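Just so it is clear, none of the values below were taken in a lab; they were calculated from the coordinates. Note that this is a predicted model, so its numbers are computed, not measured. Backbone-built Cβ (ideal geometry, glycine too); neighbour counts: all protein chains shown.
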Amino acid sequence: MANAFSRSWEITKFTFHVIRQDKELLLFPILAGLFSVLFLLALLFPTLIVSFLNAGRAEWGTSAYALLFVAYLGLAFIATFFNVCVVYTTKRRLEKGNATFGESMRFALSKIHLILSWSLLAAVVGLLLRILERMAQRGRGSLLLRFAASALGMAWGILAIFVVPSMVYYSLGPIEAIKKSAQVLRKAWGESLICYISLGLVQAAFIIAGILVGILLILISQSLGTAALIFAIALLVLYLLAVIIIFSVANTVFSTALFVYADKGRIPHGFSREVVQAAFKPESLI
């Protein structure tokens, strides 16, 4: 376990080094979150109408599924757009370049057709998985259907790991990007893709430490009045949001580095050969 956490910390340090050099990387997930919230608020009113019309019905109507598809499409588009920005900024850094915030945004805009195509496919898959879950809730064999939905969702998530890097590096459409992602996975996948476990371990440590300190601050602030209590709670929430944002970017940075290593066979600039190569070795978990 000590060896696993040590290697996890090494991976984290390399990704943090990239983030320190390109601090604008942290703006992209923040913008993605803000636009996602605004988009969902824009959908809230028609969604409430559909819920009212379908009140008391066991079956979802066509309008409900249509709104769900629009929600999936919009959220997928927003997430993919800003993820392209993160991958492009990382790509330029790994190539010893330095992309500005505006340059990365312009690059993503130049790939808007690819982003929309991928978002449409992701929305269709998401809707089909949701329909499968609804079937599991209604009929017999629900346990089997739930398992199938979960397994398919997990498989889809794994298959799509390198889709955005494939779009950024090769300007591929959704089908070609999936094929490229699968091809890179075959090269990169030993018995585990350690980067997510590694960064997850460190992220969990930061979250647990933050929660413990936050609880202590909340207990102390209770005797100092309502304003102090609200401040302590807000501080804890902001800390947890910051950890989530930073590690979401770190995951994308290291995924991009792994894509370069697996696809092109070279160690990206700023990364250690030992750390990158160990990411594909199951023994690095021991």
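Figures for the structure shown
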read-out: Between the stretch 18-32 and the stretch 221-239, the Cα center-to-center distance that results, in Å; value: 27
read-out: Least to most buried among Thr12, Thr226 (fewest other Cβ within 10 Å first); value: Thr226, Thr12
read-out: Spatially proximal lysines relative to Lys187 (Cα-Cα < 28 Å; intrachain offsets below 8 disregarded); value: Lys13, Lys91, Lys96, Lys111, Lys179, Lys264, Lys281
read-out: Exposure proxy ranking, count of Cβ atoms within 10 Å, fewest first, for Arg106, Arg134, Arg186; value: Arg186, Arg106, Arg134
